[in-house]
Amino acid sequence: DLRARHDKAASITARVLHAVAEHSVIVERSVRTTIRPGVSLPRSELTATMQAAWEEHRIICVSGPAGSGKSGLVKTVFDLAKPQGLAVAFRAESFGVPHLNDVFAPHGFRLDGLRALAALHPRKWIWIESVERLLEKSERHAFMDLMRLVADDPSWRLFARDFDADGD
């Protein structure tokens, strides 16, 4: 009986992990870190600055002029974070819904499932790509729910690719 219960829990955990990873890959693949195939700009100083920021701050917003490489920088840092804990990526539009459970339901789990899964990881990162797109939505409560989750749990970090610095 004990083995059957644990096998079921492991199956659910594997399914949730797969759904989260599959969703994250879609976001990650949409962001380039090169200016053309095989050519990238060295950004070690900015990368180190962001890594230092995640030690000190729970929410990190990256902004700058259009085309300056904000998304590429966040992706680079996110890739460095992944081996250190749970790391998930979302497009901002996902959070234009009334409740945080509405974000996770299409992936087969709820907030309590994410919390249970995350409890096993001492460090957790969420990357929200294109936060400015939330301004186009009339409903943004799920994003506020997420901000409260991050504020209440010191093990979470949120990377937000934000507005262009010139206001676009």
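3J(HN,Hα) along region 27-43, derived from phi through the Karplus expression 6.51 cos²θ - 1.76 cosθ + 1.60 where θ = phi - 60°, amounts to 5, 4, 5, 7, 10, 9, 10, 10, 8, 6, x, x, 10, 9, 8, x, 10 Hz, with x in place of Gly and Pro. Computed from Cα positions, the angle between helix 44-56 and the longest principal axis of the chain comes to roughly 40 degrees. Within the chain, what is the number of lysine pairs with alpha carbons under 28 Å apart, leaving out pairs fewer than eight places apart on the same chain? Going through the chain pair by pair, I get 9. With all protein chains kept in place, the per residue accessible area of the chain amounts to 57 square angstrom at a probe of 1.4 angstrom. The angle between the Cα long axis of helix 70-81 and the longest principal axis of the Cα atoms of the chain comes to about 40 degrees, rounded to the nearest 10.
Using Stokes-Einstein with the Kirkwood hydrodynamic radius over Cα pairs, what translational diffusion coefficient do you get for region 8-118 at 4 °C and a viscosity of 1.567 mPa s, in µm²/s rounded to a whole number?
Working: Rh = 15.8 Å.
For these conditions, the coefficient is 82 µm²/s.
Where only DSSP H runs of four or more residues are counted, the chain gives -14500 deg cm²/dmol as its mean residue ellipticity at 222 nm, each run worth -39500 (n - 2.57).
For Glu22 and Arg58, FRET efficiency with R0 = 30 Å and r from the beta-carbon atoms, rounded to 0.05?
On the way: r = 26 Å, r/R0 = 0.86.
Once the sixth-power term is evaluated, E becomes 0.70.
Karplus-based coupling profile of region 105-112, in residue order and whole Hz: 3, x, 9, x, 8, 10, 4, 5, with θ = phi - 60° in 6.51 cos²θ - 1.76 cosθ + 1.60 and x standing for Gly or Pro. With a cut-off of 16 Å, note down the residues of region 68-106 whose backbone N falls inside the zone around a label point 7 Å from the Cα of Thr34 toward its beta carbon. From region 68-106, the list is 72-73, 76. Remark on Trp125: its backbone amide H falls under 5 Å from those of Leu86, Ala87, Val88, Arg157, a criterion applied only to residues 5 or more positions apart or on other chains, H modelled at 1.01 Å from N.
Can you give the extra length, in nm with one decimal, that the chain gains between Leu41 and Ala105 once fully stretched, where that is 0.36 nm per residue apart less the Cα-Cα distance? If you can, show how the numbers build up before the last one.
Details: separation 64, 0.36 × 64 = 23.04 nm, distance 3.83 nm.
Once the chain is fully extended between Leu41 and Ala105, it gains 19.2 nm.
Across all directions, the shadow cast by the convex hull of region 41-92 built on its C-alpha atoms averages 4.1 square nanometres. Using only alpha-carbon positions in region 68-112, the gyration tensor eigenvalues give semi-axes of 24, 15, 6 Å once each is multiplied by 5 and square-rooted (largest first).
Which order do the peptides 55-66, 35-46 come out in when sorted by mean C-beta neighbours inside 10 angstrom, highest first?
Values: 55-66: 13.9, 35-46: 9.9.
Per-residue mean Cβ counts within 10 Å order the peptides as 55-66, 35-46.
Site pair Arg115 and Glu136 shows an inter-label distance of 3.3 nm when each label is modelled 7 Å from Cα along Cα→Cβ.
Angle check, please: helix 141-152 long axis (alpha carbons) against the longest principal axis of the chain (alpha carbons), in degrees 0 to 90, nearest 10. Helix 141-152 and the main axis of the chain meet at about 80 degrees.
The values are calculated or read from the model by the stated rules, or taken from the named source; none is laboratory data. Predicted, not measured: the structure shown is a model, and the values here were computed from it. Backbone-built Cβ (ideal geometry, glycine too); neighbour counts: all protein chains shown. Surface accessibility is based on the protein's heavy atoms, side chains included, excluding ligands, DNA and RNA. Shrake-Rupley method; radii C 1.70, N 1.55, O 1.52, S 1.80 Å.
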